[in-house]
There are 2 protein chains.
Amino acid sequence: MQHGGDIYTEGILKGRELIDFSSNINPLGIPESFKKHIEEGIQSLNRYPDAKYRELKENLTRYINSGYELFHSNASKNKCLIEESNLVLGNGAAEIIDLVISCFESILIMPPSFGEYQEDAEKWGLNIFHLSMNENMEYDYKGIQNSIDKVQALIIGNPNNPNGGIIDKNKFLPILKYCEEKGKTVIIDEAFIEFTGNIENSFVEELENFKCIFVIRALTKFYAMPAIRLGFGISKNEEILNKIRKKQNPWNINCFAELAAKYVLKDKEYIKKSITWINEEKNYLPKELEKISYIEKVYKTYSNFVLCKLKGIDCDRLYELCIKEGIVIRKCDNFIRLDKSFVRFAIKDREKNELLIKKLNLIII
Amino acid sequence: MQHGGDIYTEGILKGRELIDFSSNINPLGIPESFKKHIEEGIQSLNRYPDAKYRELKENLTRYINSGYELFHSNASKNKCLIEESNLVLGNGAAEIIDLVISCFESILIMPPSFGEYQEDAEKWGLNIFHLSMNENMEYDYKGIQNSIDKVQALIIGNPNNPNGGIIDKNKFLPILKYCEEKGKTVIIDEAFIEFTGNIENSFVEELENFKCIFVIRALTKFYAMPAIRLGFGISKNEEILNKIRKKQNPWNINCFAELAAKYVLKDKEYIKKSITWINEEKNYLPKELEKISYIEKVYKTYSNFVLCKLKGIDCDRLYELCIKEGIVIRKCDNFIRLDKSFVRFAIKDREKNELLIKKLNLIII
């Protein structure tokens with residue numbers, strides 16, 4: 001599977017510096033709260049991690065239950081949404097996606113979406129059903145309702161990669177109710193949820209009433225640590241959780257990932273700065289992209305990346321021209337239902353976003 | 001699966017300091033060469049690892065091919081034993097053991113041995129055959145030859161956990177030849193091989209002539225980094241390697257594990273110090289253990305741990321008494337073929353080994 005622009009082949013391994021707009025990582029970079037405690041991580045390297053990961057699970061639970069305090073400075077609205085026993089831990093969200101999908105015989109995928117959904121479903125031999133988004137890249141809720149009987153589970157991004165759209169809770173609730181009643185599982189990939197700036201967009205609040213929900217989270221994107229490898233699943237469905245746990249290897253989380261969960265998930269300063277940044281740039285970059293002559297459509301995003309439809313140029317050509325300018329972009333033709341007219345740009349800090357717009361304007365087609 | 005004494009339950013989580021003789025980790029601790037470059041690891045946190053792990057594979061390949069130079073200061077004997085394409089990478093050896101076992105329908109296990117062999121074989125539904133070691137905890141080579149037709153693969157520790165014995169190459173070669181001829185796979189777990197002090201004990205030299213060999217290595221034990229999570233498999237059997245790769249998730253190795261492979265595997269000073277230490281203590285601790293009144297037998301070890309058979313006391317009681325003295329030991333009754341009369345001690349530095357002997361002598365039964 002090809003994921004994003006390959007910055008190693010084009011850049012790092014050739015000793016060339018490229019600006020990577022293909023990878024959707026918080027440009028604020030590694031939280032200081034992690035760096036400050038790195039020595040603690042080094043100290044724990046020479047013993048096996050706790051096989052039960054008790055402290056790690058406590059930290060993740062506190063994070064989920066402190067959403068209002070952390071993201072909206074409103075501790076009074078904090079709720080006890082989950083307990084440690086509702087968690088399953090992964091060596092990155094990739095492991096969780098893989099293993100939760102492995103629990104079913106059939107699945108509904110809504111393309112375009114993260115390529116691993118399809119890869120993993122194929123790997124485990126599931127019957128796969130596709131339901132496309134509409135022309136604005138919004139979920140087809142009626143279509144989901146009409147298709148759900150065919151499958152044991154559905155997987156849905158919130159926000160979705162590559163377009164950045166989120167689930168409309170009002171329209172989705174009847175589907176949840178139906179799935180709860182029929183014993184189907186709704187896997188909601190919330191790897192990018194923090195970028196929406198509103199914690200109420202998450203479905204962790206609905207976990208209480210819906211055993212059918214399985215939420216996936218990670219430290220990868222918002223906390224800018226794709227190389228730390230920590231993802232987790234949250235559900236009140238013990239059966240699914242145990243099925244996953246039985247397939248896992250012991251000590252699947254490294255000690256630096258444990259350290260990150262201990263410190264960055266309560267780093268209010270980092271969270272606040274990040275939300276301020278993304279709110280500003282979400283207003284800036286899409287508008288500027290709309291002005292580019294060869295961009296036909298900019299899709300509404302709630303996340304830190306923007307999907308665009310090109311006209312008069314294809315993604316291969318634009319990719320080549322951008323590489324010449326020192327920029328890596330994400331060609332989207334390997335997303336199911338997309339073709340060579342789609343590209344995705346990560347939202348970075350203002351300086352880099354301005355540079356991107358400047359470079360894109362230099363390209364005359 | 002219970003692995004070793006649970007130092008978290010008894011110690012760390014209660015804020016109590018215990019000396020952990022249950023965990024077989026190099027007491028020299030984290031190599032300085034790793035700590036010195038930690039900043040480089042932090043810098044690479046905010047981008048995804050190279051999905052192909054090209055640099056990491058180069059470093060592992062160099063390590064294996066430089067065995068004589070690193071362990072015997074004899075660079076002229078270095079050989080090109082393996083290439084990058086012979087490697088498969090794991091989130092700890094645990095992932096490699098799990099996935100290589102998943103490739104077969106039947107397996108021969110030689111208990112007592114590392115519990116994960118059995119766990120993984122059960123998980124994947126293999127037909128499992130057991131062949132016990134003899135009363136000195138040596139491999140039963142004739143027995144292997146007689147049993148091998150029943151299985152597609154065998155898994156064997158070199159050195160073996162929990163006793164520390166190694167494979168007798170002369171006696172094992174005819175088995176290898178037979179397996180090569182019959183298309184069977186010989187999985188050799190060499191997680192502890194460096195502690196034997198002689199790189200010729202490893203079967204990496206035999207990889208050239210035997211496609212049937214699959215060697216497992218890790219940074220866990222000798223480089224004192226169980227929490228870094230890096231193991232790898234080496235084989236010239238492309239079919240097995242590809243079967244494993246297809247089951248793996250992307251980015252299964254974190255950036256600190258990559259960093260460790262880059263620096264510690266060429267840290268000659270650390271290697272030299274470690275070999276000096278283990279050679280001395282392998283001579284000291286087993287002899288001292290033999291003098292303990294309630295130890296009936298001390299098994300010959302080539303590694304950094306010692307299996308003992310007790311008399312007049314069982315492992316539960318000795319464990320409790322040791323905990324009171326601030327020491328965690330490894331009860332061995334959950335190893336197949338062992339019972340409550342077996343315990344295992346890690347070999348630590350002289351000061352701690354002396355302390356262990358002193359404490360064990362205090363226990364009058």
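The values are calculated or read from the model by the stated rules, or taken from the named source; none is laboratory data. The model shown is predicted, which means the values in this text are computed figures rather than measured ones. We place every Cβ from the backbone using ideal geometry, glycine too, and count neighbours over all the protein chains shown. Surface areas here come from the heavy atoms of the whole protein model, side chains and all, with no ligands, DNA or RNA. Shrake-Rupley method; radii C 1.70, N 1.55, O 1.52, S 1.80 Å.
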A:Gly90 long-range amide H proximity, modeled H, under 5 Å: A:Gly231, A:Phe232, A:Gly233
Taking chain B as a Gaussian network, where each spring joins two C-alpha atoms under 10 Å apart, which residue of B:Leu56, B:Leu45, B:Leu131 fluctuates the most? B:Leu45
Taking chain A as a Gaussian network, where each spring joins two C-alpha atoms under 10 Å apart, which residue of A:Glu39, A:Glu180, A:Glu69 fluctuates the most? A:Glu39
Just checking the output field for B:168-175: average partner chain Cβ neighbours within 10 Å of each residue's Cβ? 0
Check which residues have an amide H placed less than 5 Å from B:Arg47's amide H, if you skip close sequence neighbours. A:Ala227
Put simply, what bits of segment A:23-40 lose 30 Å² or more of accessible area when the other protein chains are there, versus the chain on its own (1.4 Å probe)? A:Ile30, A:Lys35, A:Ile38
Just from its helices, what would the mean residue ellipticity at 222 nm be for chain A, if runs of 4 or more DSSP H residues each count -39500 (n - 2.57) and the sum is divided by every residue, rounded to the nearest 500 deg cm²/dmol? -11000 deg cm²/dmol
Cα-based convex hull, the protein assembly as shown, per residue volume (Å³, whole number): 159 Å³
Taking both sides together, what accessible area is buried at the B/A interface, probe 1.4 Å, expressed in Å² and rounded to the nearest 100? 4100 Å²
Linear extension gain, B:Asn136 paired with B:Tyr68, 0.36 nm per residue minus alpha-carbon span: 21.4 nm
With the 1.4 Å probe rolled over protein heavy atoms, segment B:1-142 has an accessible area per residue in Å² of 42 Å²
PRE zone check, label point 7 Å out along Cα-to-Cβ of A:Asn209, amide N under 18 Å, scope segment A:147-175, hits A:167-175
In whole Å, how far is the Cα centre of segment A:146-173 from that of segment B:35-85? 43 Å
For segment B:354-365, in order, what is each residue's ³J(HN,Hα) by Karplus, 6.51 cos²θ - 1.76 cosθ + 1.60 with θ = phi - 60°, in whole Hz (x at glycine and Pro)? 5, 4, 4, 4, 4, 5, 5, 6, 5, 7, 9, 10
Skip the ligands, DNA and RNA, and give the accessible area per residue of segment B:252-365 with a 1.4 Å probe, whole Å². 43 Å²
Within 10 Å of the Cβ of an average residue in A:91-97, the count of other chain Cβ atoms is 5
What are the distances, in nm and sorted shortest first, from the label point of B:Asp349 to the label points of the same position in each other copy, with each label point placed 7 Å from Cα along the Cα-to-Cβ direction? 4.3
Using the per-residue mean of other Cβ atoms lying within 10 Å as a proxy for protection, in what order, highest first, do the peptides B:283-294, B:188-199 fall? B:188-199, B:283-294
Relative contact order for chain A: what is it in percent, counting Cα pairs under 8 Å that are at least 6 residues apart? 24 percent
Mind checking the alpha-carbon convex hull of segment B:226-360 and giving the volume per residue in Å³? 177 Å³
Position A:Glu83, label points 7 Å along Cα→Cβ, spacing to each other copy in nm (shortest first, one decimal): 5.6
Report, to the nearest whole %, how much of the accessible area of the protein assembly as shown belongs to carbon and sulfur atoms, 1.4 Å probe, protein only. 46 percent
In sequence order, what are the phi-derived ³J(HN,Hα) couplings for segment A:101-106 according to the Karplus relation 6.51 cos²θ - 1.76 cosθ + 1.60 with θ = phi - 60°, rounded to whole Hz, with x for glycine and proline? 5, 5, 7, 10, 9, 8
By its C-alpha gyration tensor, with a ≥ b ≥ c as the square roots of the eigenvalues, how is segment B:168-286 shaped: rounded for a/c under 1.5, else prolate for a/b larger than b/c, else oblate? oblate
For segment A:221-253 and segment B:313-334, what is the centre-to-centre distance using only Cα atoms, to the nearest Å? 33 Å
A drop of at least 40 square angstrom in accessible area, chain alone versus all protein chains together, probe 1.4 Å. Which residues of segment A:213-254 meet that? A:Pro226, A:Ala227, A:Arg229, A:Asn249, A:Pro250, A:Trp251, A:Asn254
What length, rounded to one decimal in nm, is gained on full extension from A:Leu362 through to A:Lys246, with 0.36 nm per residue of separation minus their alpha-carbon distance? 36.3 nm
Using the structure shown, list the pairs from A:Lys77/A:Lys171; B:Lys57/B:Lys272; A:Lys182/A:Lys297 with a Cα-Cα distance above 32 Å, or answer none. A:Lys182/A:Lys297
Loop-only check: which trypsin sites (Lys or Arg not before Pro) in segment B:30-66 are DSSP coil with at most 11 other Cβ within 10 angstrom? B:Lys36
When chain B is treated as a GNM, springs tying every alpha-carbon pair under 10 Å, which of B:Gly326, B:Gly90, B:Gly67 comes out with the largest mean-square fluctuation? B:Gly326
From the phi of every residue in segment A:19-33, what ³J(HN,Hα) in whole Hz does the Karplus formula 6.51 cos²θ - 1.76 cosθ + 1.60 yield, where θ is phi - 60° and glycine or proline is x? 8, 9, 8, 8, 10, 8, 10, 3, x, 5, x, 4, x, 4, 4
Three-way shape label, segment A:91-210, alpha-carbon gyration tensor, a/c 1.5: rounded
